[in-house]
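S.K.: Can you keep this structure in mind? I'll have questions shortly.
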Amino acid sequence: MTQPMLLSEGLTQTYLSGGRELTVLNNITFEVERGGFVAIVGPSGSGKTTLLGLLAGLDRPSAGRVVLDGHDLADLSEDDRARLRSEKVGFVFQSFHLISTLTARENVQVPLELRGEPAEARAEELLERVGLGGRSHHYPTQLSGGEQQRVALARAFAARPQILFADEPTGNLDAKTGAGIVELMMELNRELGTTLVLVTHDPELAGKARRIIRLADGAVVEDHATA
Amino acid sequence: MKPGFVFQLAWRESRKARRRLLLLVGSVTAGVAALVAINGFTENLQVSVAEQAQAMLGADLELGSRQPFSERVESLVDTLLTGTPPGRKAAVTSFAGMAYVGRTEGARLVQVRAVEPGYPFYGSITTEPAGRWGNLALGGRTLVDGALLAALGARVGDTLSLGEGRFLIDGVVTNVPGDVGVTSAFGPRVYIPAADLEATGLVRFGSRVDYDLYLKLPDAAVAQEIASKYRLSLRGERVRIETVEDDREDLTDALTRLGNYLGLVALIALLLGGLGVASATHLFIRQKLDTIAVLRCLGATARQVFLAYLVQALAMGALGSLVGATLGVLVQQTLPLLVADLLPVDVEISIAPRAVLLGIALGVWVATVFALLPLLAVRRVSPLVTLRRATETTSSRRDPVAWGAALLLAASVVGLASVQVGSLRDGAVFAGGVGAVVLVLWLSALGLSKGIRRWFPSGLPYLWRQGLANLYRPANQTVTVVLALGFGAFLLSTLFLVQHNLLREFRLGGTEVVRPNLMFFDIQPDQAGPLSDLLETGGFESPPMVPIVPMRILSVDDRPVTRGRVPDDDPLDDPAVDSVEADSASGPRPIGGWAARREYRSTYRSGLTDTERLVSGEWWDSTAATWDPGTPARISVETDVARELGVELGSSIVWDVQGVQIPSRVTSLREVNWNRFQTNFFVVFEPGPLDRAPQMLVSLTRVDSAAARGALQRRVAERFPNVSAIDLAQVQQAIEGILDKAVLAVRFLALFSLAAGVIVLLGAITTARLERLREGVLLKTLGATRRQVLWILVAEYVAIGVLAATVSIVLSSTAGWALAKWVFEAPYRLPALSLVGLTGVIVGVTLFVGLVSGAEVLKRPPLEVLRTET
């Protein structure tokens, strides 16, 4: 039996808010197989982003555990988790989160540089791949939203991650540009065999995934494969 | 819209950014504090001088001379004192001599003051035990400085020998009005009754003696009038006259000038603060672009938005100035502790309203003027930014208003400096200097960021490259930080270098040629032999003694020396007394000036010493035996004095040596290094002409251990009571003590500049903090460990720190060299090791401040990046 790429087991997150305990995520359990494409959907406040953060090891859960490519995140320190991310994880954010003081190419280089790998040629190649070949010296403010997200995508795939987390990647983009971005993500998913975990409240975008996990009030209410 | 809108906007707009605005406040605080402190202290000083002037002089009039007063002067004094009630006079005779306490066998060079009863007529000299001053007149007793008792291991009740005289130490002098505390370091004061002066036998031929006569006039109100009436004629008698008013004016002028120049150091702190205001405003506005654009979309005019932010800056400047002024008043209380020993008055500290108001006004002005330039950009923010950030780049065309603001800024710096120094020229020079240093620092910072970009060290590990690249990336802080840090460091290291080089001159070089460190002077010719014997039997070297012959100039190239400009109806004139002026009407144009009138203490010898260098003419090759009494004596003159006198090779000078005329001819000019502990002379005669002139001798020797030096001085003091000794180690200590104290005050103020620099640094880093925070957290999300993020920060701040340190040290080395060459005329050497240390300190401070404010980057969990929306 092959090991799943991602395992979430009894994942629970509670916060103290105004003296009251607030359960944001309640006993979430699921697996994602290698090369899979999962969309996590749900209304605002259903705990999607919190779940994504826990899955990527950006935060620690109150209970339950996350196993990423065989590594139980609970056993790892913050820096170990950072190292694990640099090796296996890519990110795409709703608001792009490019480093504004770095050029497009430098942004793409960051994950490679952190791992001490040759970065420049690969970054150029990826920018070419996302259609920004001539823009590598531009700063984020000099790029449109769609262009910025394409740079973010190039960055996400730069280190050939085994899993890519995307948080509303098209949320700040118009429909056409958004669709282009999703196309790109799926192409890269196919080409590189990267596992995709996508958080969105856009049903059309979710429809492109091979599996949909629906959250409501911090719990999984639906988990099914698409046609 | 109402003007109230501007204020409302200013207030509401500040809510979210108060922390950053507080940095604006902090920027001006240090400078205002330093200014208020130093200016307030100067004001207090002026008041104290005015109040204590009479006590400082101790009389209505003081006559002073290097020689006993002539009959003409004595009779003038008698006339002045006639009246009802009659005036009074008291003479004080001062000279250096050896004090010796037999019980402890301690000997020390002291300043003896033989005082006549009555002195001082105003103010009082306090003693411990109290009230002993009046007993001095009883005779046979002395009052001394506390320092002397410590040096000799003596106590009140011991017997003190001065020359041939014996005195009971009756008490310690605790306060003498008008006396500068540190001078006692050169020679503790010993007061003896004038009646016992003869008994000491110390005032002999050739001794350097100051004769002062203190007068209490029948009518004190006419003192000034008398002084101006007789000043010139008295100058002819080589007597200077001083009044309370002269004293007060001189002192007030000197102290005010000193205060003003110290204030410049404080002003630098304020200007650095201004730099902080400018950079904080600049970055602040950048982050406010969205807000400004939204405001513009909603219909606020460019003017309103500009004014709202200007009001913010003004308010912060005012707040910072108020805090600074309060701090300054507190600091003002501590200044007397630093400088008390350097001042002739007891300063009473009180809040100086003028200084406080001036400080606040300057603070607000600096904050406004420096904020203006970056604020002007607000007017050009397009409302379009709300839709698309990229349009933020405002048109590159130069804004004429910005030129105006820049001009105002430059004019303000010149103006502020001129007001502080009280002279437009000095103000402009200062502003020019500050401008030059800022320019060099700015160019270096710019060069660094451009250079790193151009020749990027791509071979370095990623973290270093990332850190270094931060130096040129958008929103970098290179220029601000280098300027802020560099200026503070420049000031401190210049001070350090000057002090170091001045002190080095006086230190005994460990590996250098063995130099003499003990000097005996006032040796009478008949004592020369026995003293040499004493030295030699003690095993000390006894080089030939140096003769000293006091003399004055009668004429230079046949031009007689005047006694100053004498009015036709000389009020002192008495037909019975001949005066040199009598000839001056007919003969060649007389010469005057200090160099012509002063007393020369010349020597004669056959060779040059190692502190002299012949620059023109020829040295004589003669001995006393070869001198032809028919020819003028050949002399060698020091170059500076030659210039003052207007003599050159071949000039003739006629000397008055104790009434005997000695003609001479200048046959060579010499340069002299006066900084060596050596007997140096303005004028050296060839051997022969002065052999029989009345003279005294000086002997130099070297004794390595302090104990042996003390013992030798004691033995000489016992055998030759009139011979005085100077111990170089003591002189060095005294000079270092004074220099240390003077430098301490300046350094204290310079610290404020460094403080201002650190606040600006903090401001620059904090303002760029958000950027860094986002970047750091993102890097962590992308898999960077805390260590990696930390190293990036370290690389950036080390690079900036090294640059700031290097540039400021190079600048200060140049400035120090210029000061040494043109102001102090001393040789200059760089203390390499200390400078490396200083570099380390500057880099350390930068790194520390950078990492402290960057610590948050390391702490923030990466999840936040998902939550923060731009």
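The values are calculated or read from the model by the stated rules, or taken from the named source; none is laboratory data. These numbers come from a predicted model, not from an experiment. Ideal geometry is used to build each Cβ from the backbone, glycine not excepted, and the neighbour counts take in all protein chains shown.
S.K.: Kindly check whether there is at least one residue in the range B:742-762 that is more than 30 Å from B:Thr42 (Cα to Cα) and either away from chain A (no Cβ under 14 Å) or modelled with pLDDT under 80 (or both).
M.R.: Yes, some residue in the range B:742-762 is more than 30 Å from B:Thr42 (Cα to Cα) and either away from chain A (no Cβ under 14 Å) or modelled with pLDDT under 80 (or both).
Let's see how each residue does on (1) away from every other protein chain (no Cβ under 12 Å); (2) surrounded by fewer than 24 Cβ atoms within 10 Å (Cβ to Cβ):
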{"position": "A:Thr101", "(1), (2)": "no, yes"}
{"position": "A:Val108", "(1), (2)": "no, no"}
{"position": "A:Leu114", "(1), (2)": "no, no"}
{"position": "A:Ala123", "(1), (2)": "yes, no"}
{"position": "A:Ser136", "(1), (2)": "yes, yes"}
{"position": "A:Pro161", "(1), (2)": "no, yes"}
{"position": "A:Leu173", "(1), (2)": "yes, yes"}
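S.K.: If you check B:Arg772, B:Arg709, B:Arg786, which single one turns out to be within 36 Å of the chain's Cα centre (by Cα) and basic (Lys, Arg)?
M.R.: So the residue among B:Arg772, B:Arg709, B:Arg786 that is within 36 Å of the chain's Cα centre (by Cα) and basic (Lys, Arg) is B:Arg709.
S.K.: Then there is this: Here's a check for you: in the range B:399-436, which residue that is touching a residue at least 12 places away in the same chain (Cβ under 8 Å) and outside any helix (DSSP H, G or I) is farthest from B:Leu272 (Cα to Cα)?
M.R.: So the residue we want is B:Asp399.
S.K.: Another question about this same structure. Exactly one of these conditions fails for A:Leu25: (1) outside any helix (DSSP H, G or I); (2) surrounded by 19 or more Cβ atoms within 10 Å (Cβ to Cβ); (3) under 18 Å from the mean Cα position of the chain (by Cα). Give me its number.
M.R.: Here A:Leu25 meets the rest and fails (3).
S.K.: Please state which one of B:Leu424, B:Leu460, B:Leu446 is within 14 Å of another protein chain (Cβ to nearest Cβ), of a type in the set (A, V, I, L, M) and surrounded by fewer than 16 Cβ atoms within 10 Å (Cβ to Cβ).
M.R.: It is B:Leu460.
S.K.: Looking at B:Leu314, B:Leu327, B:Leu342, can you tell me which residue is without any contact (Cβ under 8 Å) to a residue 60 or more places away in the chain and either among the hydroxyl-bearing types (Ser, Thr, Tyr) or surrounded by fewer than 20 Cβ atoms within 10 Å (Cβ to Cβ) (or both)?
M.R.: Exactly one residue qualifies, and that residue is B:Leu314.
S.K.: Pull up the range A:61-87, narrow it to residues that are surrounded by 14 or more Cβ atoms within 10 Å (Cβ to Cβ) and of a type in the set (Asp, Glu), then point me to the one that is farthest from B:Arg787 (Cα to Cα).
M.R.: Among residues in the range A:61-87 that are surrounded by 14 or more Cβ atoms within 10 Å (Cβ to Cβ) and of a type in the set (Asp, Glu), the one farthest from B:Arg787 (Cα to Cα) is A:Asp69.
S.K.: Only residues that are touching a Gly at 6+ places or on another chain (Cβ under 9 Å) and surrounded by fewer than 18 Cβ atoms within 10 Å (Cβ to Cβ): list them for the range B:89-104, please.
M.R.: B:Arg103, B:Thr104
S.K.: To continue, here is another question. For the structure I just gave you, tell me whether A:Val92 is among the β-branched types (Val, Ile, Thr) and within 12 Å of chain B (Cβ to nearest Cβ).
M.R.: yes
S.K.: Which of (1) facing chain B (nearest Cβ under 7 Å); (2) farther than 26 Å from A:Arg150 by Cβ does A:His71 not meet, given it meets every other one?
M.R.: Condition not satisfied by A:His71: (1).
S.K.: Here's another thing I want to ask about it. Any idea which of (1) crowded, with 24+ Cβ neighbours inside 10 Å; (2) touching a helix residue (DSSP H, G or I) at 6+ places or on another chain (Cβ under 7 Å); (3) among the aliphatic types (A, V, I, L, M); (4) within 9 Å of chain B (Cβ to nearest Cβ) is the one A:Ala119 doesn't satisfy?
M.R.: The single condition A:Ala119 does not satisfy is (1).
S.K.: Further question on the same structure: Which count do you get for residues in the range B:78-129 that are part of a loop (DSSP other than H, G, I, E, B) and in contact with a Ser or Thr (Cβ under 7 Å, 6 or more places away or on another chain)?
M.R.: Number satisfying all stated conditions: 1.
Residue by residue, here is whether (1) over 26 Å from the mean Cα position of the chain (by Cα); (2) at pLDDT below 80; (3) assigned to a helix (DSSP H, G or I) holds:
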site: B:Gly451; (1), (2), (3): yes, no, yes
site: B:Pro457; (1), (2), (3): yes, yes, no
site: B:Trp464; (1), (2), (3): yes, no, yes
site: B:Arg473; (1), (2), (3): yes, yes, no
site: B:Gly486; (1), (2), (3): no, no, yes
site: B:Asn501; (1), (2), (3): no, yes, yes
site: B:Glu512; (1), (2), (3): yes, yes, no
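S.K.: Have a look at B:Phe496, B:Phe520 and point out the one that is of a type in the set (Phe, Trp, Tyr), at pLDDT 75 or above, farther than 30 Å from B:Arg204 by Cα and not in a loop (DSSP other than H, G, I, E, B).
M.R.: Result of the check over B:Phe496, B:Phe520: B:Phe496.
S.K.: What number of residues in the range A:138-156 are out of contact with any Pro (no Cβ under 9 Å at 6 or more places or on another chain), more than 10 Å from chain B (Cβ to nearest Cβ) and buried (at least 22 other Cβ atoms within 10 Å of the Cβ)?
M.R.: Number of matching residues: 2.
S.K.: Please state which of the following conditions B:Asn680 fails to meet, knowing it meets all the rest: (1) buried (at least 20 other Cβ atoms within 10 Å of the Cβ); (2) more than 24 Å from the chain's Cα centre (by Cα).
M.R.: The one condition B:Asn680 does not meet is (1).
S.K.: Exactly one of (1) touching a residue at least 60 places away in the same chain (Cβ under 8 Å); (2) under 21 Å from A:Asn189 (Cβ atoms); (3) touching a Phe, Trp or Tyr at 6+ places or on another chain (Cβ under 7 Å); (4) not basic (Lys, Arg) is unmet by A:Asp69. Its number?
M.R.: All conditions pass for A:Asp69, except number (3).
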